[in-house]
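The values are calculated or read from the model by the stated rules, or taken from the named source; none is laboratory data. Worth saying up front: this structure is predicted, and the values here are computed from it rather than measured. Cβ placement follows ideal geometry from the backbone for every residue including glycine, while neighbour counts extend to all protein chains displayed.
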């Protein structure tokens, strides 16, 4: 029997097998789905706590058609920028009003500790308000065209945007694209992860309450190979935003490229953390633990590849082990918990398999590397793990483990640190730990990643572009870079000369001679 669910994410409708489940949101209406019901598992207990309808290909087509109809009707896309901005601010207010329910749903759905969940999604309203502000601040550009012409640019929305979000940060990842897409006048079809759809469904209901017209924001939980694949290839979808694995991101990029649609894909990572010997070891160890273990390491930006100057290597490993062993593992709904479970049994097995791969490659398990037993919980827990004696050519240093496993690699000097950091198929983020201001700027300028932090990690803001290079994807979320990429640019040129255009007349011929 499932755990009792008191979620208000969406109305409960009967599925084809007679079971009650959370409904899809299409064209402003809550409806059942044609796919098999999704069983939602609390990763802290390994028990089903709710069920959700799943979108079939036909349901997905309906959602896209509704989004396109709403766009073509102009109920949102042609609304004045002042009115769109006002409604998005109202949307932010409603998110704040229901924040306690969002905390609860997200924590029970993906197992992230409630303190982490609060710290992250408390900021959600900022994304909608920031993009609403960009909408009002946006100005056209005058182009200095030669001759008697006045030329300027303006922007117009793409049409239908499909957002495919992931389980690790369901609302934050979705909002990073939904907010600018809505602000710029697009309609949106949001497909949350099939493992964590409930907060997205609640946000869809809040959008309607805020005054966003039906069909402008549709929420269709479903399986990746069904719902996600259909959105990626749908001829009426003008842009796809995806966060997830590199291979799926590659297939989405290819599908959109075939029809010249846009895509932004934020994919895998093996983020280097560069620790120099001029920073106190205790400070760097605390920072590295935060960068690598937050969210149980289930984030593309996790600082799981730690490069440490060899003069402090042993001392740093000891301090990092001490930090890891002090982390409180347990029920993510309890405020004192610092590390929750990973998302599934399959994920836990993969993570522990990587620990064994590291051992086979010659790494030392300095701490962790096992599944701890937690009183009264049968969930998918993995102890914070530190692997020492690692070099950058080992699989555990090159492949994304996506769990609380950190590898520690020594380097001799600044040049070698930069070389190791850049020697990766990924290029999402990096962080530098140093007290030398000149070194911080110098090293940052040489790192080939889309994001660099100095003496910190995991910091994001609506105004700062977020994204990577190489197999970490392409495109950016946040800032003007993201806002503008949900629009097409239009060049308008006006002839200001007194004379008429008569290219084939005598006067034109005389000028040519």
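A few remarks follow.
- Scanning the stretch 145-203 for residues that are modelled with pLDDT of 95 or more and at positive phi gives 159, 185.
- Residue identified as out of contact with any strand residue (DSSP E or B) (no Cβ under 9 Å at 6 or more places or on another chain), loosely packed, with under 15 Cβ neighbours inside 10 Å and either at pLDDT below 95 or not assigned by the TED database to the domain that holds residue 199 (or both) among 78, 82, 100: 100
- When 199, 227, 246, 184 are checked against the criterion of being in the same structural domain as residue 96 (by the TED database) and surrounded by fewer than 21 Cβ atoms within 10 Å (Cβ to Cβ), a single residue qualifies: 246.
- Residues located in the stretch 383-402, provided they are on the phi > 0 side of the Ramachandran plot and in contact with a strand residue (DSSP E or B) (Cβ under 8 Å, 6 or more places away or on another chain): 389
- Selection from the stretch 355-382 of residues that are under 27 Å from residue 39 (Cβ atoms) and either touching a strand residue (DSSP E or B) at 6+ places or on another chain (Cβ under 8 Å) or in a loop (DSSP other than H, G, I, E, B) (or both): 371, 372, 373, 374, 375, 376, 378, 379, 380, 381, 382
- Meets criteria (outside the structural domain of residue 254 (by the TED database), touching a residue at least 12 places away in the same chain (Cβ under 8 Å), more than 24 Å from residue 170 (Cα to Cα) and surrounded by 24 or more Cβ atoms within 10 Å (Cβ to Cβ)) for residue 308: yes
- Residue check for residue 405: within 25 Å of residue 362 (Cβ to Cβ), touching a strand residue (DSSP E or B) at 6+ places or on another chain (Cβ under 6 Å) and not assigned by the TED database to the domain that holds residue 175: yes
- Lone qualifier among 217, 236 - being touching a residue at least 12 places away in the same chain (Cβ under 8 Å), surrounded by fewer than 24 Cβ atoms within 10 Å (Cβ to Cβ) and touching a strand residue (DSSP E or B) at 6+ places or on another chain (Cβ under 8 Å): 236
- Complete set of residues in the stretch 46-66 that are surrounded by fewer than 24 Cβ atoms within 10 Å (Cβ to Cβ), under 16 Å from residue 106 (Cα atoms) and in contact with a helix residue (DSSP H, G or I) (Cβ under 9 Å, 6 or more places away or on another chain): 46, 49
- Checking each residue in the stretch 35-62 for being closer than 17 Å to residue 11 by Cβ and either more than 23 Å from the chain's Cα centre (by Cα) or not in a loop (DSSP other than H, G, I, E, B) (or both) picks out 37, 38, 40, 50, 51, 52, 53, 59.
- Meets criteria (outside the structural domain of residue 299 (by the TED database) and surrounded by fewer than 16 Cβ atoms within 10 Å (Cβ to Cβ)) for residue 469: yes
- Failed criterion for residue 25 (all others in (1) crowded, with 22+ Cβ neighbours inside 10 Å; (2) modelled with pLDDT under 95; (3) more than 30 Å from residue 377 (Cα to Cα) hold): (2)
- Of everything listed in (1) in contact with a helix residue (DSSP H, G or I) (Cβ under 6 Å, 6 or more places away or on another chain); (2) at pLDDT below 95, the single unmet condition for residue 376 is (1).
- Just one of the listed residues (294, 351) is crowded, with 21+ Cβ neighbours inside 10 Å, at negative phi, out of contact with any helix residue (DSSP H, G or I) (no Cβ under 7 Å at 6 or more places or on another chain) and in a helix (DSSP H, G or I), and it is 351.
- Some residue of the stretch 255-268 being under 28 Å from residue 403 (Cα atoms), out of contact with any strand residue (DSSP E or B) (no Cβ under 6 Å at 6 or more places or on another chain) and at pLDDT below 95: yes
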